[in-house]
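The values are calculated or read from the model by the stated rules, or taken from the named source; none is laboratory data. Being a predicted model, the structure only gives us computed values, none of them experimental. So basically every Cβ, Gly included, is an ideal-geometry build from the backbone, and we count neighbours across all protein chains shown. Calculation scope for accessible area: heavy atoms of the full protein, side chains included, ligands and nucleic acids excluded. Shrake-Rupley method; radii C 1.70, N 1.55, O 1.52, S 1.80 Å.
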Amino acid sequence: MRFVSIASGSSGNCIYVGTDQTHILVDVGISAKRIEQGLFEVGLKPSELSAVCITHEHSDHIRGLGVLARKYQIPIYGTAGTLKEIKKIKSLGEYPEELFHPVLPDVDFAVGDLTVKPFHIDHDAADPVAYRIQTDLKAVAVATDLGHFNQYTIDHLLDLDAVLLESNHDLRMLETGPYPYYLKRRIMGDFGHLSNENAGRLLNCILNDRLKHILLGHLSKENNLPELAYETVKLEVDEGDCPYRASDFHIAIAGRDHMSEIITL
């Protein structure tokens, strides 16, 4: 099983998860050209993709969807609410809507030899989900755009081998930054994004002996810095109640402008 962030950030998100037989993208919020280049670096052609799983309809998660759908006829999975909103977005152009496959939170579906479980997240979108993707032996998850987390979130992120977890903003940078007040309130609210501190607190709840790779993703360009996210999350883990230290795990930042390392599980 392989896991790589092609791009992750407030300006665009695209994550690859796959096996030798099955190849999935979680979100396609960058240009189709960048997605094609990223897949090439993984050793794949876009025509080999098995599915695209969409978390929600915001542009930083679907920007490349229209071109990919037109060129490669890839099955597209998302909740009914998400797919309904995507159909309204004229900027995606024309594409075959029969490619759409509605999914339900907490109901598994199979794509090749991968089992995909969507699970509900709190974000200001129609019906957003995160995804847990697994084989018989390995499990990964992509969890971003979390306004907050609760026991339900934690339960879906237990016993993972790798995770891409949102670490969107530094609270002080956000509070003192240039965003208008209403936008600051939205980002900090229960339907916004996880701060660096809360990403660390969530990690404390899901760390386990299996978890080897942690990617911190969806960093804000204006309200965060990679080194700040990294150090804040590490500090939360080290000062938390869990029996682990941050140094027990491989923690890296998923960049907006470059791919992460290819994680092989």
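A few remarks follow.
- Most tightly packed first, judged by the mean number of other beta-carbon atoms within 10 Å of their residues, the peptides 62-70, 146-154, 213-221, 105-113 read 213-221, 62-70, 146-154, 105-113.
- Alpha carbon convex hull of the chain, projected area averaged over orientations, nm²: 12.8
- Modelled spin-label separation between F249 and A110, with each label point placed 7 Å from Cα along the Cα-to-Cβ direction: 3.1 nm.
- In summary, the lysines within cross-link reach of K71, defined as a Cα separation below 23 angstrom excluding same-chain residues under 8 places away, comprise K33, K45, K84, K87, K88, K90.
- Rounded to two decimals, the Cα radius of gyration of the range 198-265 over 2.2 N^0.38 Å is 1.11.
- R201 accessible area, assembled protein chains, probe 1.4 Å, Å²: 110
- Longest to shortest principal axis, alpha-carbon extents of the range 15-78, angstrom: 30, 21, 19
- The range 67-168: C-alpha pair distances exceeding 16 Å, %: 62
- Its Cα gyration tensor gives the range 165-219 an equivalent ellipsoid; the semi-axes, largest first and in whole Å, are 26, 10, 8.
- For the chain, a simple Cβ point-charge model (Lys and Arg +1, Asp and Glu -1, everything else neutral) yields a dipole of about 820 debye relative to the Cα centre.
- Share, in percent, of DSSP beta bridges within the chain that are antiparallel, nearest 5: 50
- The charge dipole of the range 1-83, taken about the Cα centre with unit charges on the Cβ atoms of Lys, Arg (+1) and Asp, Glu (-1), comes to about 220 debye, rounded to the nearest 20.
- One quarter of the convex hull surface built on the alpha carbon atoms of the range 1-153 amounts to 8.3 nm², the projected area averaged over directions.
- Total formal charge among the other residues, if their Cβ is under 15 angstrom from that of E85, Lys/Arg +1 and Asp/Glu -1: -2
- Listed peptides 18-28, 244-254, 223-233 by packing density, highest first (mean Cβ within 10 Å): 18-28, 223-233, 244-254
- Surface share of carbon and sulfur [accessible, 1.4 angstrom probe, percent] for the chain: 51
- Cα→Cβ-extended label distance, 7 Å offset, between Y182 and R210, nm: 4.4
- Solvent exposure of the chain as accessible area per residue, Å², 1.4 Å probe: 43
- Under the convention that each Lys and Arg Cβ holds +1 and each Asp and Glu Cβ holds -1, the size of the dipole of the range 17-167 around its Cα centre is about 620 debye.
- Relative intensity, log₁₀ I(q)/I(0), of the range 138-265 from a Debye sum that treats every alpha carbon as a point, q = 0.19, 0.20 Å⁻¹: -1.04, -1.14
- Compactness relative to 2.2 N^0.38 Å, alpha carbon Rg of the range 120-209: 1.15
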